[in-house]
1. How many nm is it between the label spots at ASP9 and LYS121, if each spot is 7 Å from the Cα in line with the beta carbon?
2. Build a GNM of the chain with springs between Cα atoms under 10 Å: which of THR51, THR31, THR76 gets the top mean-square fluctuation?
3. Can you compute the modelled spin-label distance between SER70 and LYS23, with each label point 7 Å from Cα toward Cβ, in nm?
4. May I ask which of LYS69/LYS108; LYS11/LYS121; LYS44/LYS69; LYS22/LYS121 have a Cα-Cα span longer than 23 Å here?
5. Please compute the modelled spin-label separation between GLU39 and GLU107, points set 7 Å along Cα→Cβ, answer in nm with one decimal.
6. Using the charge dipole of the chain (Lys, Arg: +1 at Cβ; Asp, Glu: -1 at Cβ; taken about the Cα centre), state which of PRO109, ILE64, VAL30 has its Cα farthest towards the positive end.
7. Cα gyration tensor of segment 3-124, axes a ≥ b ≥ c as square roots of the eigenvalues: rounded (a/c below 1.5), prolate (a/b > b/c) or oblate?
Amino acid sequence: MLKIVVVDDEKIIRALLQEILKKAGHEVFVTGSADEALEITNEKSPDILITDIFMPEKSGLELIMEVKKSFPSIKTIAISGDSISRAGGHRDCLKLAETLGCQFVLEKPFTRNEVIAAIEKISEISG
């Protein structure tokens with residue numbers, strides 16, 4: 001069982017990820033705020049952070065940078081939808097996420113199988 005923090009400003013995405021991850025046997029903490037996700041991360045020391053890239057108050061990329069300062073070995077998955085095109089395309093988004101230490105970028109809409117596959121692969125990566 002992994003401890004996973006999910007942050008997305010879209011309630012339906014949070015609920016979907018929570019359901020998928022809980023059914024897979026993981027402990028899941030969800031929030032719509034990057035600042036709250038940082039608090040949860042500091043409190044719970046999760047194994048994985050899943051964050052939306054573009055959020056209103058603080059971006060997921062900013063969150064990843066902050067979290068990596070205190071938890072350099074945390075695994076991260078960035079998720080995004082139409083923001084992929086605003087970020088200069090999928091390839092540029094992947095490069096940026098990789099630079100920040102993300103192991104995966106999932107595009108919305110994603111499937112249950114894609115989420116589970118990403119979690120399984122990410123859990124095999126050593127800190």
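None of the figures in this text is laboratory data; all of them are computed from the coordinates on show. Predicted, not measured: the structure shown is a model, and the values here were computed from it. Note that each Cβ is placed from the backbone with ideal geometry, even for glycine, and that neighbours are counted across all protein chains shown.
1. 2.8 nm
2. Highest fluctuation of the listed residues: THR31.
3. Rounded to a tenth, the inter-label distance reads 3.2 nm.
4. On the way: LYS69/LYS108 27 Å; LYS11/LYS121 26 Å; LYS44/LYS69 16 Å; LYS22/LYS121 17 Å.
Violating the 23 Å Cα-Cα cut-off are LYS69/LYS108; LYS11/LYS121.
5. Calculated label separation equals 3.5 nm.
6. PRO109
7. Numbers: a/c = 1.29, a/b = 1.12, b/c = 1.15.
It is rounded, given that a/c, with a ≥ b ≥ c, falls under 1.5.
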